[in-house]
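Inspection log for the structure reproduced underneath, given as structure tokens.
The values are calculated or read from the model by the stated rules, or taken from the named source; none is laboratory data. Note that the structure is a prediction, hence the values are computed from the model and not measured. Neighbour counts are summed over all protein chains in view; Cβ atoms, including those assigned to glycine, are modelled from backbone coordinates with ideal geometry.
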Amino acid sequence: MKLLKYIKIITVFFIMISLNYACDDYLEEEIYSDITSENFITQDNADQLVVGVYSSLRDVYKEYTFQYLGTDVFTSKSEIFSFSPTNDYFNLNSGEGLAVWSNNYSVVGKANIVINRYENQINWSDANLGARDYGIAQAKALRGLAYFNLVQQYGGVVIEVDEVQTIRTDYVRSTEAETYAQIISDLEEAIPVLLDDPSTGRISKRAAQHLLAEVYLTRAYTSAGTSADFDTAAALAEQAIGDYDIRSQSFAEVFDYGNQENDEVLFAIQYGNSGLADDKSNNKHSLFMNQVFNYPGVNRTTTPYGVSGFGAMPTPFFYSLFADNDTREDVTIHRAIIADSDEPDGPDNIVAGDTIVYYPKNALDADELADRLNRYWVYQPDQYLFGLPDDIPGVNYLYSLNIERTNFPIFKKFDDQDFNEDTDGARDTFVFRVAGTHLIAAEAYLGAGNTASALNHLNIVRERATGVANEYTSISIDDILNERAIELAGEENRWAVLKRTGKLEERIALYNPHVMDHGTFNAGIHLLRPIPANELQLSDGSLEQNPGY
């Protein structure tokens, strides 16, 4: 059975038995021992506990601030004089980012319940011991994923591998090295048991190998790692890639809404349009866009573009990365906004199908610009983002008539055919793709000093995009970061990647407009996030804050 269908079933199941595994914060979890869930959980329905861990990942991957803001390719969606603590590293404090902490610890807590109940409370028949081991392996893999998300943001964190059955306030943080050791232990125990080809939505052996490759790669840069971690990461990435050739389908086919369950996707968070409260709730399509319905001819209820959420805005640097022959550009962004309804009161009696706004890749000359401004608004590459350019006398489309203050080519790759009038959609969120595995391999081989293998993996990704074989003849970490930026835009945790490679401070100073204008990044502080204030308060002093907060 497809996991999404199982999630729908389990939603009703948990309502009936009143088992609320989600918690608002880790240090104040519910005491589940008072609920006689043993009466409901047997070997026949135990898998529903595992599905509960998967469903909790939705909240983890809907949170965007600590993944995208304050990086080289994304900035805050506001005018240049505005301030954002997370994006600008300005007065960033322990009130920021609670969702990252609590959502990942929700995954940890649910995984611990699975492992404890599977190991200690469910009576398994000999015939079902394989199902027991498989359930535990899935829980450990997802717990490893959650702890990896946490260690990248906070450094060493609280490690809890037992089901919480009493209220505790004496939690202490483990070291970064201990946290990585726990992640690696979980994944290495899980991988031999995970299936090569599980039902859609479940973590596979190759997905866990991809994750473990990135864990080793990330640890290699830290004091907890060694140079051998680069070799281990490369070997694991090769195993995760297997014999799949990403050039067997185009980038456009990978992101075709009707082709979401394609072979390149190693692991995805599933959504749907069944009508259940949490089923159609993906906000991905809304994150990297402006308020399109502010334009005449774009109706909030019928627009194919969706409704903007809080989200982030691509930087001018991001748009500059696409070469003229890079097919990913047309899949990733909209360069034109098209009217979906008539609006006779608009600037020039707009009818459905008219172009409203155009964002040329290359600057238009004065004559062509004036001609196009008689038909629609045009924002030249140096006019993306903030405010409005000066009007050009004598043309129909005066910039001063546009009420949208942030104008930029919005994202296309996450367009959702089943979104509602708010920001809820049904497109799956891709967590791991084989193209990303190639880029992990390239980075790992580069770290290990094997430039030939690093080039091979980088060029495979590039060839799919441009049709040119062996386009890169030399390789640097910046080449890999640039390729990741366009191949995995809005998918990868960009902040964590820049931190890992030691490039965060350098690249935000060069490419993030708000940071360039008034950012206050301090590497002694901002390479770690602040532990949420309420966690510190609940711990009665046992939980230590990161330096500088």
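General remarks:
- Boolean, Ile350 is farther than 13 Å from Lys412 by Cα and either in contact with a strand residue (DSSP E or B) (Cβ under 6 Å, 6 or more places away or on another chain) or among the aliphatic types (A, V, I, L, M) (or both): yes
- Residue match in region 395-417 (condition: without any contact (Cβ under 8 Å) to a residue 40 or more places away in the chain and in a loop (DSSP other than H, G, I, E, B)): yes
- For region 528-549, the tally of residues that are surrounded by 19 or more Cβ atoms within 10 Å (Cβ to Cβ) and not polar (S, T, N, Q) stands at 7.
- Counted residues, region 502-518 - those being assigned to a loop (DSSP other than H, G, I, E, B) and surrounded by fewer than 21 Cβ atoms within 10 Å (Cβ to Cβ): 2
- The set of residues in region 318-358 that are in a strand (DSSP E or B), under 21 Å from Ser286 (Cβ atoms) and among the β-branched types (Val, Ile, Thr) comprises Ile333, Ile337, Ile338, Ile356, Val357.
- Residue within region 101-113 that is in contact (Cβ under 8 Å) with a residue 40 or more places away in the chain, closer than 21 Å to His526 by Cβ and of a type in the set (D, E, K, R) present: no
- For beta carbons closer than 8 Å, sequence separation of 6+ or different chains, a first residue in region 34-48 that is hydroxyl-bearing (Ser, Thr, Tyr) and a second that is at pLDDT below 70 and in a loop (DSSP other than H, G, I, E, B), the qualifying pairs are Ser37/Leu19.
- Yes/no for His514 being of a type outside the set (Lys, Arg) and closer than 20 Å to Thr222 by Cα: no
- Qualifying position, being touching a residue at least 40 places away in the same chain (Cβ under 8 Å) and in a helix (DSSP H, G or I), among Ala224, Ala207, Ala235: Ala207
- Residue in region 211-227 that is touching a strand residue (DSSP E or B) at 6+ places or on another chain (Cβ under 8 Å) and outside the structural domain of Ala454 (by TED's automatic domain parsing) present: yes
- For region 115-142, taking the residues that are within 21 Å of Leu211 (Cα to Cα) and touching a residue at least 60 places away in the same chain (Cβ under 8 Å), the one that is surrounded by the fewest Cβ atoms within 10 Å (Cβ to Cβ) is identified as Asp133.
- Qualifying position, being more than 23 Å from the chain's Cα centre (by Cα) and part of a helix (DSSP H, G or I), among Asp382, Asp390: Asp382
- Some residue of region 529-545 being modelled with pLDDT of 95 or more and within 29 Å of Ala442 (Cβ to Cβ): yes
- Residue in region 322-331 that is more than 30 Å from Asp418 (Cβ to Cβ), touching a residue at least 12 places away in the same chain (Cβ under 8 Å) and of a type outside the set (D, E, K, R) present: yes
- The set of residues from region 418-457 being of a type in the set (Lys, Arg) and in a loop (DSSP other than H, G, I, E, B) comprises just one member, Arg427.
- Taking the listed residues Asp229, Asp197, the one that is of a type in the set (Asp, Glu), modelled with pLDDT of 95 or more and outside any helix (DSSP H, G or I) is Asp197, with no other qualifying.
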